[in-house]
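Okay, structure first, notes after.
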Amino acid sequence: MPDESDRPDRARAVTLALAGDTMLGRGVAEALAAERPMALFAPEVVAAAREADLFVLNLECCISARGEPWPDPRKPFFFRAPPVAAEALAELGVDCVTLANNHALDFGAEALLDTREHLRDAGIAAVGAGGNLAEARAPMLLEANGFRLAVIGVTDHPSDYAAGKGSPGVAFAPLGPDLPDWLVRAVEHARAQSDAVLVTPHWGPNMATRPLPRIRSAADRLLAVGASVVAGHSAHVFHGVAGSVLYDLGDFVDDYAVDPVLRNDLGLLFLLTLDCSGPVRLEALPLALDYCHTRVAGGEDIGWIERRFRAACAALGSAVTSERGRLVIQWPGR
């Protein structure tokens, strides 16, 4: 009998670095202007990210020197990073960002279009927002080690930021048990063109400690129509893992106020290995998010992160072990 590992569809595999909300505006923008771009991340974080073949994160700001704040008197925060931010992401090794979130249009359409241009010039792909509806919804095909990964970005808020047929904006979609037809078609088409599909939704409220029922239903539906992995963000705190779903990646770098109970200053960098059949192994590196600087967590913070992640995963039916300072999930039979 031939060795199953010799089959072509089993031979191809890729390791993804996945990070959540990456906010490079406000205080982080000031740090970028004052220091070299890589000063935002400790060398150990950079080294861990570079273990991956591909790196995808949620860019929680626009990158531009232009634009005016979005005219909504109810909106409290506006995030804009300087053009050098694209260089910081490139030096970190980021391959693709999703712009499908509630800050992509903080400084209007021209800043969003600048963002895509600065990212493109830095060699970074973008999904989830664009100059029109088709561009915002379009998947991006990444390749590493002969493995083709399709990435789709989508957000369930705000509807005001939605792209139109001829107007810039984000890939907006209500996310629940019934997905919009365009999203179902996008996932199915991407699956036919790739070895695996990553859907990265910006969903749910800030500071939620667990995924809402509608988000769990949406994740199940995304997997049913062909997503290989669903990796979400928006809560600012990491959630647990259930099967092929990472419900919330938490935050990666920012200048945010810290909730002393929810500890949004503690996070994880996820390294997910998958092949054509789906996830194989997940390693999560504990992080400490200082003001405008991200480093590997130490001391009592490691224990806090491990306890929270183990409990969040156990509530979703996933077991977590610890190896070499990382939290690990191994898919049975993989």
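The values are calculated or read from the model by the stated rules, or taken from the named source; none is laboratory data. Predicted model, so just to flag it, every value in this text is computed and none were measured. In this analysis, Cβ positions are derived from the backbone assuming ideal geometry, glycine residues included, and neighbour counts consider all displayed protein chains. Quick note on the areas: whole protein, heavy atoms, side chains included, nothing else; ligands and nucleic acids left out. Shrake-Rupley method; radii C 1.70, N 1.55, O 1.52, S 1.80 Å.
Points worth noting:
- Legend: calculated FRET efficiency, residue 120 to residue 225, from the Cβ-Cβ distance at R0 = 41 Å, rounded to 0.05, equals 0.90.
- Computed FRET value (nearest 0.05) for residue 65 with residue 193, which takes r as the C-beta separation and R₀ as 56 Å: 0.95
- Coil-residue trypsin sites (Lys or Arg not before Pro) of the stretch 63-108, DSSP, other Cβ within 10 Å capped at 13: 66, 74
- Over all projection directions, the Cα-based convex hull of the stretch 112-259 averages an area of 9.6 nm².
- Charging the Cβ of each Asp and Glu at -1 and of each Lys and Arg at +1, and nothing else, the dipole of the chain about its Cα centre rounds to 700 debye.
- Dipole of the stretch 47-192, positive direction: furthest Cα of 97, 157, 76, with charges on the beta-carbon: 157
- Stretching residue 84 away from residue 311 to a fully extended chain increases their span by 77.8 nm, per 0.36 nm per residue minus the current alpha-carbon distance.
- In sequence order, the stretch 300-316 has phi-based couplings of 5, 4, 4, x, 5, 4, 5, 4, 5, 5, 4, 5, 5, 6, 4, 5, 9 Hz under the Karplus curve 6.51 cos²θ - 1.76 cosθ + 1.60, θ = phi - 60°, and Gly or Pro positions carry x.
- Here's the picture: charge each Lys and Arg Cβ at +1 and each Asp and Glu Cβ at -1 in the chain, and of 257, 45, 243 the one pushed furthest to the positive end of that dipole is 243.
- Of the accessible area of the stretch 178-330, computed with a 1.4 Å probe over protein heavy atoms only, carbon and sulfur atoms account for 51 percent.
- Taking the square roots of five times each eigenvalue of the Cα gyration tensor of the stretch 204-277, the equivalent ellipsoid has semi-axes of 24, 15, 8 Å, listed largest first.
- The stretch 260-284-the stretch 24-59 distance, computed between alpha-carbon centres (Å): 17
- Using the Cβ-Cβ distance between residue 184 and residue 35 with R0 = 45 Å, the FRET efficiency computed as 1/(1 + (r/R0)^6) comes to roughly 0.50.
- The slack between residue 47 and residue 319, meaning 0.36 nm per residue of separation minus the straight C-alpha distance, is 95.3 nm.
- Average accessible surface area per residue within the chain, 1.4 Å rolling probe, Å²: 39
- Rounded to 5, percent antiparallel among DSSP beta bridges of the chain: 55
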